[in-house]
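Okay, structure first, notes after.
The values are calculated or read from the model by the stated rules, or taken from the named source; none is laboratory data. None of these values were measured; they are calculated from a predicted model. Every residue, glycine among them, receives a Cβ derived from its backbone with ideal geometry; neighbour counts consider all protein chains shown.
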Amino acid sequence: MKKNFLIRLQLVAVCLLFSLLLLNYSRATAQLNANDTRMDWWRNAKFGMFIHWGLYAVPAGEYKGSTNFGEWIMQEAQIPKGEYEKFASQFNPRKFNADEWVQMAKNAGMKYIVITSKHHDGFCLWDSKVSDYDVMDRTPFKRDIMKELSDACKKHGVVFCMYHSIMDWHHPDENKTNIAKYREEYLKPQLKELVTKYDPGVLWFDGEWVEEWTEEQGQALYDWLRKLKPGLIINNRIGKGRNGMQGMSKGKAAGDFGTPEQEILDTKSELDWESCMTMNDHWGYNKNDHNWKTANQLIWNLVDVVAKGGNYLLNVGPTGEGLFPDVSMHRLREIGDWMKVNKEAIYSMKTWDYFQEGDNIRYARNTKGEVFVYCNGWPGNELMIKKIKPVAGSAVQLLGSKEKLSWKETAEGIIISFPTSLQNETNRPAKYVYVFKVNGTAQTLAAMPQVGTDEEAATKTKVIAGNGSAVAISAPAKNAMIRYTTDGSTPNLQSALYNNPIVVTESGVIKAIVYVPGKMPSDVNELKVVKGKYVISLNSSYASQYAAMGPVSLVDGWSGDLKDFHKGWLGFEGKSMEAILDLGIEKKFSKVSGSFLRNHGSWIFLPVKLTVFTSNDGKEYQLLGEVAEAIPQQQEENERKVIVLAKESTARYVKVIAETMGQCPAWHSGNGGKAWLFADELSVE
Ligand code: FHN
């Protein structure tokens with residue numbers, strides 16, 4: 001009797017537990033589904049327009065003779081608030097036509113628009129009842145730009161979204177002391193205005209890096225906004241989760257999607273992310289910035305982002321008159337022409353088993369499982385790909401073309417052949433990037449070979465000095481056949497067969513591929529061999545994200561990229577650089593030089609002094625001389641500067657110390673923050 005009662009009790013307990021679990025699960029999945037449905041339009045949209053517009057369009061990047069400013073002109077040119085406010089009286093964009101803007105975005109294939117409702121300068125592009133520092137009260141224009149654009153978006157079926165800066169250089173309370181007051185009495189009331197009056201699909205926050213803003217404030221604001229509009233989508237810059245320019249959230253953080261800026265993730269991600277990018281070098285309008293990306297680059301960026309599972313938010317910086325720059329309009333038209341032909345390979349795309357095959361091939365799939373192969377540039381008479389196997393008897397289709405393309409399988413991969421008609425660009429449905437629909441399955445590739453030691457393979461770099469050394473290539477598979485090249489060409493079955501370590505004596509690159517019966521050839525792996533002009537060692541540590549190829553980058557004869565600081569520069573954060581060059585023997589020389597980067601906008605300053613010491617035993621050093629640099633001025637342009645100490649001497653070891661600024665100067669937005677020192681070449685001649 002008692003035993004039955006206990007069994008029944010346990011049964012009831014188990015049922016209760018099970019239904020509780022079920023309840024929670026269904027609640028969780030309901031939330032997930034709700035989240036998903038909330039995010040669905042955005043995930044399927046893939047392509048949006050970013051618009052940076054405001055008072056900074058009036059000076060168009062120019063102030064007191066300097067021409068390299070943009071939306072940060074108030075800060076970078078140190079324009080006093082009262083002075084900057086005067087731009088409002090000149091802000092009268094009579095040629096602004098919201099319909100035309102939205103139509104241009106739509107014709108380019110963009111599904112949503114994110115416009116700056118308020119940037120860091122604090123000026124509001126809508127009729128705000130919370131502030132008079134807006135377009136209605138301070139400008140002769142007196143038209144509610146957010147209203148006109150949100151109405152036009154609704155009319156043309158484009159989703160209206162708004163950017164909003166947490167940092168506010170104009171508002172007296174946006175600081176450490178009064179941030180709570182600013183948040184409760186200004187930021188939130190304005191956000192309420194924006195959400196209730198203009199019904200945005202996304203709120204795109206920025207300027208969250210200010211010390212006074214915290215993840216907790218961000219999370220609370222997120223929850224408050226989602227209550228205000230449950231379907232709202234909010235980026236991860238509402239909190240402090242963003243991992244620098246790479247933009248993805250570090251761990252659990254407020255926000256619905258990651259925001260890489262001016263860069264695209266290296267690999268595919270199932271997380272929600274959106275890469276935002278300029279068409280030239282500025283977000284806000286700069287009339288002197290003609291460094292425009294090509295239509296090919298922009299289309300390939302879109303494809304690269306889609307293959308990696310992201311969205312692409314491409315920026316336009318309109319003029320003070322209210323027009324898109326001519327080149328921006330031209331790029332949008334070219335992208336639109338491409339999208340007309342290839343849009344089915346962009347919208348609603350999902351990542352596939354593989355996302356890339358070398359630099360110029362990308363893969364993605366649609367929800368029906370059809371796979372699209374994207375090729376950057378016309379491949380010629382045939383295209384070889386190895387990561388997909390078309391279904392037997394199926395044809396490959398070039399999007400926009402009726403041609404049924406034949407293919408054959410070889411040991412190197414699938415070869416798709418193209419008729420002569422398509423060799424003539426005018427017969428091709430689109431330009432620049434060609435998309436092939438393939439009904440096929442993912443191939444199994446042989447595992448990639450390792451070229452060099454574990455340490456070398458990690459950086460894909462081997463530093464050699466003097467008489468060179470040997471490079472070994474290994475492959476995990478037992479019955480692997482390794483083929484390799486040393487001239488930079490792509491290895492294949494005709495390339496040299498690897499049997500023994502390869503002796504290298506000069507700079508170059510070794511590429512290797514693995515063949516295993518029954519599998520497709522592996523991805524190609526490579527090792528860059530860098531012969532430094534000298535053996536170099538560093539007595540100061542550089543930042544891992546600005547490590548180029550390590551110390552040898554300072555003596556490899558290659559210059560750092562002036563725009564992409566990840567390429568070729570060693571970055572020292574708040575530290576001096578101390579390098580020792582071993583010339584191998586005592587040598588006579590007349591000058592020692594080092595080249596350094598100046599980019600104040602990115603907190604990178606030239607060294608304040610370059611000091612050189614010499615030694616013949618590598619232990620005792622004598623001062624050879626020093627060169628002091630001028631105090632940095634805010635107007636100074638970005639440049640690579642070679643600092644030279646011209647002094648005769650004879651020595652084997654040369655020690656070069658580039659002394660850092662340490663902290664950003666008082667006039668700089670990073671005032672007191674760590675100053676960066678970037679070096680890319682040291683030379684003794
Ligand atoms: O400082 C801003 C910049 O002006 C621009 O708005 C970009 C766009 O993502 N975000 C900040 C820099 O990270």
task: From the list G65, G82, G48, pick out the single residue that is of a type in the set (G, A, S) and within 16 Å of the ligand (Cβ to nearest atom).
output: G48
task: Please identify the pairs in which a residue from region 186-205 that is touching a residue at least 12 places away in the same chain (Cβ under 8 Å) has its Cβ atom under 6 Å from the Cβ atom of a residue that is among the charged types (D, E, K, R) and not in a helix (DSSP H, G or I), counting only partners at least 6 apart or on another chain.
output: V195/K229; F205/R237
message: Every residue in region 312-327 that is crowded, with 20+ Cβ neighbours inside 10 Å and away from the ligand (no atom under 16 Å from the Cβ), please.
response: G320, G322, F324, P325
- request: Looking only at region 395-423, count how many residues are touching a residue at least 40 places away in the same chain (Cβ under 8 Å), surrounded by 13 or more Cβ atoms within 10 Å (Cβ to Cβ) and closer than 17 Å to Q443 by Cα.
  value: 3
query: Can you find a residue in region 85-95 that is more than 16 Å from the ligand (Cβ to nearest atom), among the small types (G, A, S) and under 24 Å from K287 (Cα atoms)?
result: yes
message: Cβ-Cβ distance below 7 Å, separation of 6 or more or different chains: which pairs start in region 293-317 with a residue that is assigned to a strand (DSSP E or B) and at pLDDT 95 or above and end on one that is more than 16 Å from the ligand (Cβ to nearest atom) and among the charged types (D, E, K, R)?
response: N311/K46; Y312/K46
task: Using the structure shown, decide if N235 is within 15 Å of the ligand (Cβ to nearest atom) and crowded, with 22+ Cβ neighbours inside 10 Å.
output: yes
- line: Only unsatisfied item for S544, checking (1) under 28 Å from the mean Cα position of the chain (by Cα); (2) buried (at least 16 other Cβ atoms within 10 Å of the Cβ), is (2)
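Looking only at residues that are in contact with a helix residue (DSSP H, G or I) (Cβ under 8 Å, 6 or more places away or on another chain) and not hydroxyl-bearing (S, T, Y) in region 390-429, which one is modelled with the lowest pLDDT? Quick ask: steps written out before the conclusion?
Quick first cut of region 390-429, residues in contact with a helix residue (DSSP H, G or I) (Cβ under 8 Å, 6 or more places away or on another chain) only: 398-401, 403, 421, 427-429.
This time we only want the ones that are not hydroxyl-bearing (S, T, Y), so: 398-400, 403, 427-429.
Details: L398: 97, L399: 98, G400: 97, E403: 88, N427: 94, R428: 96, P429: 96.
That would be E403.
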query: Tell me, which residue of region 198-221 that is within 17 Å of G251 (Cβ to Cβ) and in a helix (DSSP H, G or I) is nearest to the ligand (Cβ to nearest atom)?
result: G218
Members of region 68-79 that are more than 15 Å from the ligand (Cβ to nearest atom) and in contact with a strand residue (DSSP E or B) (Cβ under 9 Å, 6 or more places away or on another chain): I79
message: If S128 meets every condition in (1) within 16 Å of the ligand (Cβ to nearest atom); (2) of a type in the set (G, A, S); (3) outside any strand (DSSP E or B) apart from one, which number is that one?
response: (1)
message: Tell me whether region 664-676 contains one or more residues that are more than 25 Å from S553 (Cβ to Cβ) and of a type in the set (K, R).
response: no
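Regarding A98, is this residue more than 14 Å from the ligand (Cβ to nearest atom), farther than 22 Å from E148 by Cα and among the hydrophobic types (A, V, I, L, M, F, W, C)? Outline the logic, then answer.
Details: more than 14 Å from the ligand (Cβ to nearest atom): yes; farther than 22 Å from E148 by Cα: no; among the hydrophobic types (A, V, I, L, M, F, W, C): yes.
So A98 does not fit the description; no.
Of the residues that sit in region 163-197 and are hydroxyl-bearing (S, T, Y) and surrounded by fewer than 19 Cβ atoms within 10 Å (Cβ to Cβ), which one is farthest from the ligand (Cβ to nearest atom)? Break it down into steps so the answer makes sense when it comes.
As a first pass, look at region 163-197 and keep what is hydroxyl-bearing (S, T, Y): 163, 165, 177, 182, 186, 196.
The next check asks that each one be surrounded by fewer than 19 Cβ atoms within 10 Å (Cβ to Cβ); those that pass are 177, 196.
Details: T177: 23, T196: 24 Å.
Restricting to residues being hydroxyl-bearing (S, T, Y) and surrounded by fewer than 19 Cβ atoms within 10 Å (Cβ to Cβ), the top hit is T196.
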Answer residue from region 550-576, given it is in contact with a helix residue (DSSP H, G or I) (Cβ under 7 Å, 6 or more places away or on another chain) and crowded, with 20+ Cβ neighbours inside 10 Å and is modelled with the lowest pLDDT among those: F565
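Within region 427-443, can you find the residues that are within 15 Å of G377 (Cα to Cα) and not in a strand (DSSP E or B)?
N427, R428, P429, A430, K431, Y432
Taking the options E261, E274, name whichever one is acidic (D, E), surrounded by fewer than 23 Cβ atoms within 10 Å (Cβ to Cβ), within 14 Å of the ligand (Cβ to nearest atom) and closer than 30 Å to N342 by Cα. Let's see the steps before the verdict.
Numbers: E274 fails: surrounded by fewer than 23 Cβ atoms within 10 Å (Cβ to Cβ).
Matching residue, one of E261, E274: E261.
Let me confirm something: among K511, K460, which residue is surrounded by 13 or more Cβ atoms within 10 Å (Cβ to Cβ), basic (K, R), under 34 Å from the mean Cα position of the chain (by Cα) and modelled with pLDDT of 90 or more? It would help to see each step written out before you state the result.
Details: K460 fails: modelled with pLDDT of 90 or more.
Checking each option against the conditions leaves just K511.
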- request: Can you give me the number of residues within region 577-606 that are of a type in the set (V, I, T) and surrounded by fewer than 17 Cβ atoms within 10 Å (Cβ to Cβ)?
  value: 1
- request: Mind counting the residues in region 242-258 that are away from the ligand (no atom under 14 Å from the Cβ) and either without any contact (Cβ under 8 Å) to a residue 12 or more places away in the chain or touching a Lys or Arg at 6+ places or on another chain (Cβ under 6 Å) (or both)?
  value: 3
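One line per residue, one yes/no per condition, for (1) part of a loop (DSSP other than H, G, I, E, B); (2) farther than 18 Å from Q190 by Cα; (3) within 16 Å of the ligand (Cβ to nearest atom):
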site: G122; (1), (2), (3): yes, no, yes
site: D137; (1), (2), (3): no, no, no
site: R143; (1), (2), (3): yes, no, no
site: S150; (1), (2), (3): no, no, no
- prompt: Given the residues K462, K533, which is the only one that is out of contact with any Lys or Arg (no Cβ under 6 Å at 6 or more places or on another chain), part of a loop (DSSP other than H, G, I, E, B), charged (D, E, K, R) and under 20 Å from M549 (Cβ atoms)?
  reply: K533
query: Quick check: is even one residue across region 21-36 of a type in the set (D, E, K, R) and at pLDDT 95 or above?
result: no
- request: Identify, by number, the condition in (1) away from the ligand (no atom under 16 Å from the Cβ); (2) assigned to a loop (DSSP other than H, G, I, E, B); (3) out of contact with any Ser or Thr (no Cβ under 9 Å at 6 or more places or on another chain) that L225 doesn't meet.
  value: (2)
message: Which residue is surrounded by the most Cβ atoms within 10 Å (Cβ to Cβ), if the candidates are limited to region 279-311 and must be farther than 28 Å from E344 by Cβ and within 16 Å of the ligand (Cβ to nearest atom)?
response: Y285
